[in-house]
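One structure is given here, and the rest of the page talks about it.
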2 protein chains.
Amino acid sequence: MDKIWDVIIIGGGPAGLSAAIYCGRAMRKTLVLEKKVFGGQIVLADIIENYPGFAEPIVPADLMDQMSKQCQRYGVVLENDEATALRREGQGWRIDVYQETLEAKAIIYAAGSLHRFLEVKGEKELLGRGVSVCATCDAPFFTQRKVAVIGGGDTALVEALHLAKFASRVSVIHRRDQFRAERILQKRVFQNDKIETIWDSLVLGFQGERKLEALEVHNKKTGRIDILPFEGAFLAIGTIPNTALLRDIVELDVNGYVVADLSLATGQPGLYVAGELIRGNRRQVAIAVGMGVQAALGCEDYLATLD
Amino acid sequence: MDKIWDVIIIGGGPAGLSAAIYCGRAMRKTLVLEKKVFGGQIVLADIIENYPGFAEPIVPADLMDQMSKQCQRYGVVLENDEATALRREGQGWRIDVYQETLEAKAIIYAAGSLHRFLEVKGEKELLGRGVSVCATCDAPFFTQRKVAVIGGGDTALVEALHLAKFASRVSVIHRRDQFRAERILQKRVFQNDKIETIWDSLVLGFQGERKLEALEVHNKKTGRIDILPFEGAFLAIGTIPNTALLRDIVELDVNGYVVADLSLATGQPGLYVAGELIRGNRRQVAIAVGMGVQAALGCEDYLATLD
């Protein structure tokens, strides 16, 4: 091991890259580890209208490319590799990656969360082309169109209610015969005459050439399979935080999310968190960015104490 | 009173405008009140390098103009007026402005913070006559002149570096023996041969007939008081939160900052906060933006319960 990083940032999405910009500007030797695509899951989205600072819609991949370049402008190293273990050792932190062990004085953990997918045909191919994981982001694109929401929890019903302000018709497709969402949300959904529910049904596939055209829906009770036309389909079947490496180090809630306050410190020396893996997160680029900056400034305060 | 707003946002800086983008996109009737300049204090800055999403430096006024336009794209109304009172009444909120009382179902309070003054003799009298709180605004007036910057944080050093492009000499007067500013800024200041630092020193007064002529500077270590000639003096010693309207409504700390958690809810129904008036804030555009979005999403959850 020939060098010690000042900061290693785990995760190269909006939170991680924003943290990196600040660490780089603070003249800290900074490495960002990303196991998939720099930019994070947002690069899978089609366009983004709600990142403040752009009056016109922008392409998420372009936005994130700018953030990557902004990091490199300040000497940050971006590396495609996966952290497989994290531990405190001596006065610093060790991270195991594919073929070596890295050492850092401080860590910003911003590994995000993953959407649960149905893992059925057409789903990945049509993601960003009618299939969406974020109603807050994409609802306005489906004004006066027919959309489906897949799920039965709070998120599914909140998204259905939000979509009903835009879409001509919203069908909530759920595998059971009742929702597990809060009763007040259920009441609002049932009272909204733009929303219908399709019970006991599984989505077996997403159909469409270049964009979503229909869903293949299997009714478990009748055994029947219908091809239902939809221009939009919103997956709301949950998310999983990437917090496996933190399990024995910081406080996690029952779903594996990090419990944090506005400081984004963890109580562990030199360990900060940012982004979607925090309990109560809203899965918005702007929030992840703000948290990345906040975590980096806390981290810089910590590093200054070591200088 | 002929209409009830869904949301009134108090403050048109990065936090308020970002909140407004989300409220507008959620199809809420949204008003932003700003008593000075839309865009907030950041528009007084020269350039901004650390707002994530821009690989090259940008002009803050342009960034904030984009945010204003982004709000208007979603039907948000921006109005130059000052909120002078805020109170809960019935199921909503009332805001007194210059010539009327406005009504809203929910409030996002993002009124920012104000510059702090030394409160010493000559300061207010010579404000605008050599004493300034904004190097970007006033630097060109001091071309080839000798100026002082008072403070030791990021703002002080950014202002010193900017002033060094115009002034013949810049003296940074700081009460401690080291800066708390970003390291990269410190490095640039120390490397700039137009800038000198005067450590461990307090400014006791500003002297001059019709315009600033000299500063009375007390060295805390030697006990000596010097009268140092300066034609310009830039105050960069901190800020005071604009939370007077919240005093009897939410919990404030001893300095008047709002005590908040990641949700940015206040405990009062339909009242959210965002930006620099929150305890522990870092005065960064990206953080204010993230908070604005977070507050808007909480606000939207609240409004949905009323629908």
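Solvent-accessible area of residue A:279, all protein chains in place: 130 Å² (probe radius 1.4 Å, heavy atoms, ligands and nucleic acids excluded).
Net charge dipole, chain A: roughly 800 debye, given to the nearest 20, about the Cα centre with Cβ charges of +1 for Lys and Arg and -1 for Asp and Glu. Computed 3J(HN,Hα) for the range A:282-298, one whole-Hz value per residue from the Karplus formula 6.51 cos²θ - 1.76 cosθ + 1.60 where θ = phi - 60°, is 10, 6, 10, 4, 4, 5, 4, 4, x, 5, x, 5, 4, 4, 5, 6, x, glycine and proline marked x. Report note on the peptides A:183-194, B:196-207: ranked by the mean count of other C-beta atoms within 10 Å, highest first, their order is B:196-207, A:183-194.
Largest accessible area first, the listed residues B:226, B:301 line up as B:301, B:226 when surface is computed with a 1.4 Å probe on the assembled protein chains. Working from Cα pairs under 8 Å separated by at least six residues, relative contact order for the range A:117-235 is 32 percent. Take each residue in B:180-186, count the other chain C-beta atoms within 10 Å of its C-beta, and the mean is 4.
Count the net charge of all other residues whose Cβ sits under 11 Å from the Cβ of residue B:46, scoring Lys and Arg as +1 and Asp and Glu as -1.
Net of charged neighbours comes to -1.
The magnitude of the dipole of the range A:117-235, with charges of +1 and -1 set on the Cβ of Lys/Arg and Asp/Glu and taken from the Cα centre, is near 220 debye. Within the assembled protein chains, the solvent-accessible surface assigned to residue A:213 is about 100 Å², based on a 1.4 Å probe.
The calculated 222 nm mean residue ellipticity attributable to helices in chain A amounts to -7000 deg cm²/dmol, summing -39500 (n - 2.57) over DSSP H runs of n ≥ 4 and dividing by all residues. Basic side chains Lys and Arg get +1 at the Cβ, acidic Asp and Glu get -1 at the Cβ, and with that the dipole of the range A:62-124 about its Cα centre reaches some 220 debye.
Over chain A, what relative contact order in percent results from Cα pairs under 8 Å that are six or more residues apart?
Relative CO of chain A lands at 20 percent.
How big is the gap, in Å, between the Cα center of the range A:237-302 and the Cα center of the range B:145-214? Spelled out, the Cα-based centre of one part sits 37 Å from the other.
Between residue B:118 and any residue 5 or more places off or on another chain, the built amide H atoms are never under 5 Å apart. Shielding by partners for peptide B:275-287, expressed as the average number of C-beta atoms from other protein chains within 10 Å of each residue's C-beta, is 4. For the protein assembly as shown, taking a cut-off of 4.7 Å between Cβ atoms, the unpaired cysteines are A:23, A:71, A:299, B:23, B:71, B:299. Since only A:31, B:147, A:268 are under comparison, the one whose Cα sits farthest along the positive direction of the charge dipole of the protein assembly as shown, derived from C-beta charges on Lys, Arg, Asp and Glu, is A:268. Partner shielding of A:39-52 amounts to 3, given as the average count of beta-carbon atoms from other chains within 10 Å of each residue beta-carbon.
For the range A:1-57, a Kirkwood hydrodynamic radius built from all Cα pairs, placed in the Stokes-Einstein relation at 37 °C and 0.692 mPa s, yields a translational diffusion coefficient of 254 µm²/s.
Taking a cut-off of 26 Å, what percent of all Cα-Cα pairs in chain A are separated by more than that? Counting pairs separated by more than 26 Å, the tail of P(r) holds 49 percent. Toward the positive end of the charge dipole of the protein assembly as shown, with +1 on the Cβ of Lys and Arg and -1 on the Cβ of Asp and Glu, the farthest Cα among B:168, B:291, B:191 is that of B:291.
Classify the range A:230-307 as rounded, prolate or oblate from the Cα gyration tensor: take a ≥ b ≥ c as the square roots of its eigenvalues, call it rounded if a/c is under 1.5, otherwise prolate when a/b beats b/c and oblate if not. Oblate shape, in that a/c is at least 1.5 and b/c is the bigger or equal ratio.
Peptides A:281-287, B:55-61, B:91-97, ordered by how many other C-beta atoms sit within 10 Å of their residues on average, highest first, read A:281-287, B:91-97, B:55-61.
Using Stokes-Einstein with the Kirkwood hydrodynamic radius over Cα pairs, what translational diffusion coefficient do you get for the range B:117-235 at 10 °C and a viscosity of 1.306 mPa s, in µm²/s rounded to a whole number? D = 114 µm²/s.
The values are calculated or read from the model by the stated rules, or taken from the named source; none is laboratory data. Keep in mind the model is a prediction, meaning the values are calculated, not measured. Backbone-built Cβ (ideal geometry, glycine too); neighbour counts: all protein chains shown. Please note that ligands, DNA and RNA were not included when accessible areas were found on the heavy atoms of the full protein model with its side chains. Shrake-Rupley method; radii C 1.70, N 1.55, O 1.52, S 1.80 Å.
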